[in-house]
Amino acid sequence: MNSFIIKNATVLTMDAEHRRLDGIDVLVEDGRITQLGSVKRTDLDLVDATDCVLLPGFVQPHLHLCQTLFRNLADDLVLIDWLKTRIWPFEAAHNPASLRASAELGIAELIRSGTTCILDMGTVNHTDAIGRAVQDSGLRATIGKCLMDHGDEVPAAMLEDRGLSLAESDALFTRWNGAADGRIRYAFTPRFVHSCTEGLLVEAAQLARDRGAILHTHSSETRFEIAETLRLHGQRNVEYLHACGLTGPRSVFAHGVWLDDAERQLLSETQTRVVHCPSSNLKLGSGIADILALWAAGVEVGLASDGAPCNNTLDAQSEMRLAALIQKSLHGPTAMPAARVLRMATIDGARVLGLDAEIGSVEVGKRADLVMMRLNRIHNGVAGELESRIVYASFPENVDSVWVDGHPLLRDGVLATLDEAKVFATAKSELQALLERVEGA
């Protein structure tokens, strides 16, 4: 079903004119939007969107599907301890089965809450398991093997020889970039400055350029990260990453909490993108990224939930609400209105990934990556701007249907490509086995 008609929809297009279209039909043919208006055809299936809001699917350009199994198991810790005592040992214990279970658990939650496209930084091993989970689910994703060759208290299974790690990543690029009719892409993903040697950073950046791929890493998340980069390399985080060749128009830096004006200007000049992860930054006590300052500098910013152990949800709606609220604490109540943050979660996220010509707005010619919401629950209220009702007063239960390339991933609130009960049971079983491996390590 990637050709159909959505009837009588209220559409928030997220196009350049910020158009709202009331009571229109949306024609989808072969996975693309081909008409917005009154569609008279009778040869296609119909989706009744009466009293619903249709908008582009949410785009989250920074996730860790490999960590979804670890939700609620790494709470109330500072970042470096969170990594060393929980996340790295857990990731090191993954096998292909547990990693696929973790990915499917995360994907099911993402689809249920209206996310249609992600950029995922995996773990060091078994990246194919994430690729297969994404492929079978129908989600749009850019995936990448995490690159690490340095660090204190890092499990041996997480540290790799630089050459072998890059060779495996390049082979994964060949295998996955363009898979599933282009729905899956591959990115090169060094974890962050303090888990990578300079040689790994430089060579990963060059490999990404050679392949025309996204380069994705963490940057400027904590004060500790900045202080250590200054101590070891004599430069702030973004300055050092720039010196290693990691900035550029296909580079995506997660977090950007502790930036100075010069770094923001450098990100702008190099067209490096930033991803804001407000729940993660607050839960780990990392700080609040000044998004208005990034926008003022001309930096493109997306919005994402990061990972289940540091959030603890993968819900884009929760991130939108929090993103708006914390900027108001910095800049006042008029900062980041609902309509602006909704763009951040849709077309801006698509732009961060270089996919804005294909997704991120409801326009003729674009791929039918769509979410249909029913704003008829008590918590939504009975009046107000649609953008406000979505950003400030919506939850995953408001999501009725989700399509990617016109294929249904959720219909009438029911997952179409995943068996929810099986996903949950498998995740529970695989987590128990993983924790036993951690205990035996």
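The values are calculated or read from the model by the stated rules, or taken from the named source; none is laboratory data. Predicted model, so just to flag it, every value in this text is computed and none were measured. Here the Cβ positions follow ideal geometry from the backbone for every residue, glycine too, while neighbour counts run over all protein chains shown.
Below are the figures for this structure:
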quantity: Set 67, 35: member being within 30 Å of residue 88 (Cβ to Cβ) and either crowded, with 24+ Cβ neighbours inside 10 Å or of a type outside the set (Val, Ile, Thr) (or both); calculated: 67
quantity: Residue tally, condition under 24 Å from residue 153 (Cα atoms) and part of a helix (DSSP H, G or I), over region 74-101; calculated: 17
quantity: Restricting region 412-439 to residues that are more than 22 Å from the chain's Cα centre (by Cα) and among the charged types (D, E, K, R), the residue that is farthest from residue 98 (Cα to Cα); calculated: 412
quantity: Which listed residue, of 44, 12, 99, is surrounded by fewer than 18 Cβ atoms within 10 Å (Cβ to Cβ) and touching a residue at least 24 places away in the same chain (Cβ under 8 Å); calculated: 44
quantity: Residue check for residue 303: modelled with pLDDT of 95 or more, touching a His at 6+ places or on another chain (Cβ under 7 Å) and more than 19 Å from residue 49 (Cβ to Cβ); calculated: yes
quantity: Wholly within region 217-291, helices (runs of 4 or more DSSP H) carrying at least 2 residues that are within 19 Å of the chain's Cα centre (by Cα) and crowded, with 23+ Cβ neighbours inside 10 Å; calculated: 278-283
quantity: Tally, over region 136-161, of residues that are part of a helix (DSSP H, G or I) and either modelled with pLDDT under 95 or surrounded by fewer than 17 Cβ atoms within 10 Å (Cβ to Cβ) (or both); calculated: 4
quantity: Test: residue in region 46-55 that is over 24 Å from residue 139 (Cα atoms) and either touching a helix residue (DSSP H, G or I) at 6+ places or on another chain (Cβ under 9 Å) or assigned to a strand (DSSP E or B) (or both); calculated: no
quantity: Exclusive hit being basic (Lys, Arg) and more than 24 Å from residue 395 (Cβ to Cβ), set 71, 41; calculated: 41
quantity: Checklist (1) surrounded by fewer than 19 Cβ atoms within 10 Å (Cβ to Cβ); (2) of a type outside the set (Asp, Glu); (3) in contact with a strand residue (DSSP E or B) (Cβ under 9 Å, 6 or more places away or on another chain) applied to residue 359, failing item; calculated: (1)
quantity: Residue identified as surrounded by 19 or more Cβ atoms within 10 Å (Cβ to Cβ), in the same structural domain as residue 250 (by TED's automatic domain parsing) and under 30 Å from residue 362 (Cα atoms) among 94, 62; calculated: 62
quantity: Residue tally, condition surrounded by fewer than 23 Cβ atoms within 10 Å (Cβ to Cβ) and either outside the structural domain of residue 290 (by TED's automatic domain parsing) or in a helix (DSSP H, G or I) (or both), over region 206-216; calculated: 5
quantity: Qualifying residue in region 207-223 (condition: among the acidic types (Asp, Glu), in contact (Cβ under 8 Å) with a residue 60 or more places away in the chain and on the phi < 0 side of the Ramachandran plot); calculated: yes
quantity: Verdict on residue 308 being of a type in the set (A, V, I, L, M, F, W, C) and in contact with a Gly (Cβ under 8 Å, 6 or more places away or on another chain); calculated: yes
quantity: Of residues in region 173-190 being assigned to a strand (DSSP E or B) and among the aliphatic types (A, V, I, L, M), the one surrounded by the fewest Cβ atoms within 10 Å (Cβ to Cβ); calculated: 179
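Residue by residue, here is whether (1) within 30 Å of residue 437 (Cα to Cα); (2) at pLDDT 95 or above; (3) under 23 Å from the mean Cα position of the chain (by Cα); (4) in the same structural domain as residue 253 (by TED's automatic domain parsing) holds:
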residue	(1), (2), (3), (4)
26	no, yes, no, no
46	no, yes, no, no
79	yes, no, yes, yes
101	yes, yes, yes, yes
